[in-house]
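Working notes for the structure below.
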Amino acid sequence: MESGLVFFLQLLGSGIAVGCLYALIALGFVLIFKATEIVNFAQGEVIMLSAFICYFLVTTFHIPFFPALVITCIAAALLGVLTERLVLRPMLGEPVFAVVMVTIGLSIFFRSMAGILFGHNNLVFPNPFPSETLKLGGIVLSQTQIWIMVSTFVLITAFFIFFKYSRIGLAMRGTADDQRVALLMGVSVKRVFSLIWALSFATAAVAGIFLANVMVINLGLAFVAISAFPAIVLGGLESIPGAIIGGLAIGIIENLAGGYLDQMIGGGIKDVTPFVVLFLLLMFRPYGLFGKKEIERV
Amino acid sequence: MKVLAIRSKTFRESYKEDIRLFQTIWIKVWMGLFIVFLSLLPFLGDPYVVYLVNISSVAAISALGLNILTGFTGQISLGHAAFFAIGAYGTAILASRFSLPFWVSLPAGGIVATVAGLLVGVPCLRLKGLYLAMATMSFGVVIEFLVVTLDGLTKGVRGIAVPPVKLFGYALDSNETLYYLLLSVTALCLITASNIIRTRVGRAFVAIRDRDIAAEVMGVDLVTYKVMAFAISSFYAGIAGGLYAYLMAYIHPEHFSFLLSVQYLAMIIVGGLGSILGSVFGAVFITIVPEFIKSFAEGLSRIFPVLEGRYDDNWNIAAFGLMIVLFLIFEPKGLAGIWGRVKTCFKNWPYTY
């Protein structure tokens, strides 16, 4: 194959792997937004905290990778329930600004707490997957990347089935659609809210653990979630398929921009591209591809 | 008894009286006493207090700008540090490379920031709430990136050394000499802001905050006033940035991170959204809280030697985060709200209301 095409496909392949992670992170945001109309700015800190927790479970307590993943998810879910109960429930009915600021306050609180507890060192996650790479027609992908893609796919399918066929899933969709009617139909909106936060934080934990496998673990991990904002805006804030498509798209754009533009301008383009995309998106299509356009009345 | 009678009730008989800058004679008296106290401070207090006042007055100007945009007009900005940075770099580059005098470079820095504010404000017109928060945040990140990358202009991570302010041939290069300059600029900014707020423009801002569509129906031109709010806010941030550059005598990209934007938001939330006095309260409070935490941590480590050397900046940041959350949940009106309640309590004593 031509080397230019291989380079392109290589960037595309690793872009999809990164995009899957963005999709998972975006999923965490969208779950909360869909049900409660809150964008949780502290999502990135949950990702970072779970990466740290999983790291210490694997290294200090010598727990195998998959049980450690499950324990981390449960811990994150508990944190989600606590956060909803203690911080977000008193804020019900407050203006958007106050709610946004509460989650930002929470995020810097979590981050500095992580700094106090875990310090500022860069930790390297012991890779649980075999290190040999796979070759698909010239493109090289690591086993970790394959695992990321597979588990994203599995998780998303599981969510799809859960929302489509389970009773609680139906209650959640009902709450997202219209809280008052759901309440009248006997759905406990409070319970749905805490469940949603638990689910979202657990999703964030999975994303965090996989991120820890491809990056070093430090406090900066939290910023990855902020780079996932363009993904949720592109997909529309309340659409789960949108989150997935948005995540993949941002992953690919970021990698292509990094691959082609870095040579011209010099480093750092990869980190700033998502924000440029976000800014442009908000200018031209703030409701994303699948979001619903709001009509306001006074 | 006579004093009580004067203080107890102030009736206003016309709109003109209602929007007066100084509502009662007592406000003028207390203000005068406060000014006398402030101008004597360098002779009374130790140099560290003077330094803290300097830092707080820069923070107060910037917080005031953010409060005009966020507290009064209701437009969330998570990129205030970017305008602050643009003002600081504008002033620093003009002062160091073109050796322009202070009275040119400082307003010029403010104007550069205003232009940036217009550039952001115009495309952000159709956004609000959450989307606006994300847009301004991404603007902040892009500026942070540019400050490091545009090496030729900003000297990147090496930072810029700023020459001291020269006024009538004297170099103001210490905290004590800069003190009066900073204080008078702050006072000017405060008076201007109160005048903006109590006139037509300010009422339009508040109308937009409370219900933008209703405001437009009432004849408030959303485009003009939103852009104006952005411009005023970034001008204040730019001026504060320029003063900061002179005060620190050296600026570095690390000073202008996303955390600084959050810190300004913490100031206006803790101080009081939509309150000029609140911006000042918040700025002073957020500036001195780390000092308290530091001395508290030192005291604690004297009792428990295990904690020795565990204090670092993370504790301050954690405190900001916690304060934002707690104030929003328990005291959304902030310190200005508490101040108002205490004042009413004294004014109406012995009656409850």
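Couple of notes before you dig in:
- Flag for A:ALA225 being crowded, with 22+ Cβ neighbours inside 10 Å, within 30 Å of A:PHE162 (Cα to Cα) and either among the hydroxyl-bearing types (Ser, Thr, Tyr) or at pLDDT below 85 (or both): yes
- Within region A:76-102, tally of residues that are crowded, with 18+ Cβ neighbours inside 10 Å, more than 9 Å from every other protein chain (Cβ to nearest Cβ) and over 10 Å from A:ALA198 (Cβ atoms): 1
- Residue in region B:75-91 that is within 12 Å of chain A (Cβ to nearest Cβ) and either assigned to a helix (DSSP H, G or I) or of a type in the set (Val, Ile, Thr) (or both) present: yes
- Test: residue in region B:42-54 that is farther than 27 Å from B:ASP212 by Cβ and either crowded, with 24+ Cβ neighbours inside 10 Å or touching a Gly at 6+ places or on another chain (Cβ under 8 Å) (or both): no
- Evaluation of B:GLY156 against (1) within 14 Å of another protein chain (Cβ to nearest Cβ); (2) out of contact with any Pro (no Cβ under 8 Å at 6 or more places or on another chain); (3) of a type outside the set (Asp, Glu) (one fails), failing number: (2)
- Checklist (1) exposed (fewer than 13 other Cβ atoms within 10 Å of the Cβ); (2) assigned to a helix (DSSP H, G or I) applied to A:PHE162, failing item: (1)
- Single residue of region B:245-259 satisfying the filter (of a type in the set (A, V, I, L, M), assigned to a helix (DSSP H, G or I) and more than 10 Å from chain A (Cβ to nearest Cβ)) that is surrounded by the fewest Cβ atoms within 10 Å (Cβ to Cβ): B:MET248
- Hey, B:LEU150 hydrophobic (A, V, I, L, M, F, W, C) and in contact with a Pro (Cβ under 9 Å, 6 or more places away or on another chain) or not: no
- Contact map, region B:234-250: residues that are in contact (Cβ under 8 Å) with a residue 24 or more places away in the chain paired with residues that are assigned to a strand (DSSP E or B) and not polar (S, T, N, Q), Cβ distance under 6 Å, separation 6+ or inter-chain. Pairs shown: B:ALA245/B:ILE251; B:TYR246/B:VAL165; B:TYR250/B:ALA161.
- Filtered residue count, region A:275-298, keeping only those that are modelled with pLDDT of 80 or more and either closer than 25 Å to A:LEU9 by Cβ or among the β-branched types (Val, Ile, Thr) (or both): 2
- Residue identified as in a helix (DSSP H, G or I) and modelled with pLDDT of 90 or more among A:ILE116, A:ILE148, A:ILE74: A:ILE74
- Tally of residues being under 20 Å from B:LEU322 (Cα atoms) and over 21 Å from the mean Cα position of the chain (by Cα) across region A:92-112: 6
- Leading residue by the ranking (surrounded by the most Cβ atoms within 10 Å (Cβ to Cβ)) among those in region B:81-129 that are under 29 Å from B:ARG211 (Cα atoms) and among the charged types (D, E, K, R): B:LYS128
- Residue identified as at the interface with another protein chain (Cβ under 10 Å from one of its Cβ atoms), of a type in the set (Gly, Ala, Ser) and out of contact with any helix residue (DSSP H, G or I) (no Cβ under 6 Å at 6 or more places or on another chain) among A:GLY137, A:GLY119, A:GLY115, A:GLY105: A:GLY119
- Candidates B:ILE268, B:ILE329, filtered to the one that is crowded, with 19+ Cβ neighbours inside 10 Å and within 11 Å of chain A (Cβ to nearest Cβ): B:ILE268
- Qualifying positions in region B:146-194 - within 24 Å of B:ALA85 (Cβ to Cβ), of a type in the set (Val, Ile, Thr) and part of a helix (DSSP H, G or I): B:VAL147, B:VAL148, B:THR149, B:THR154, B:VAL157, B:VAL185, B:THR186, B:THR192
- Selection count where residues are more than 22 Å from the chain's Cα centre (by Cα) and not small (Gly, Ala, Ser), scope region A:152-167: 2
- Residue within region B:171-178 that is hydroxyl-bearing (Ser, Thr, Tyr), in contact (Cβ under 8 Å) with a residue 60 or more places away in the chain and surrounded by fewer than 19 Cβ atoms within 10 Å (Cβ to Cβ) present: no
- Residues being assigned to a loop (DSSP other than H, G, I, E, B), touching a strand residue (DSSP E or B) at 6+ places or on another chain (Cβ under 7 Å) and touching a residue at least 12 places away in the same chain (Cβ under 8 Å) - total across region A:123-135: 1
- Count of region B:207-224 residues which are of a type in the set (A, V, I, L, M, F, W, C) and either away from chain A (no Cβ under 14 Å) or in a loop (DSSP other than H, G, I, E, B) (or both): 3
- Counted residues, region B:121-138 - those being more than 7 Å from chain A (Cβ to nearest Cβ), under 14 Å from B:THR70 (Cβ atoms) and modelled with pLDDT of 85 or more: 4
- Selection status of A:VAL206, out of contact with any Pro (no Cβ under 6 Å at 6 or more places or on another chain), closer than 28 Å to A:LEU9 by Cβ and either crowded, with 22+ Cβ neighbours inside 10 Å or small (Gly, Ala, Ser) (or both): yes
- Of the candidates B:VAL262, B:VAL284, B:VAL227, the single residue that is part of a helix (DSSP H, G or I) and either at the interface with another protein chain (Cβ under 9 Å from one of its Cβ atoms) or small (Gly, Ala, Ser) (or both) is B:VAL262.
The values are calculated or read from the model by the stated rules, or taken from the named source; none is laboratory data. The model shown is predicted, which means the values in this text are computed figures rather than measured ones. Neighbour counts are summed over all protein chains in view; Cβ atoms, including those assigned to glycine, are modelled from backbone coordinates with ideal geometry.
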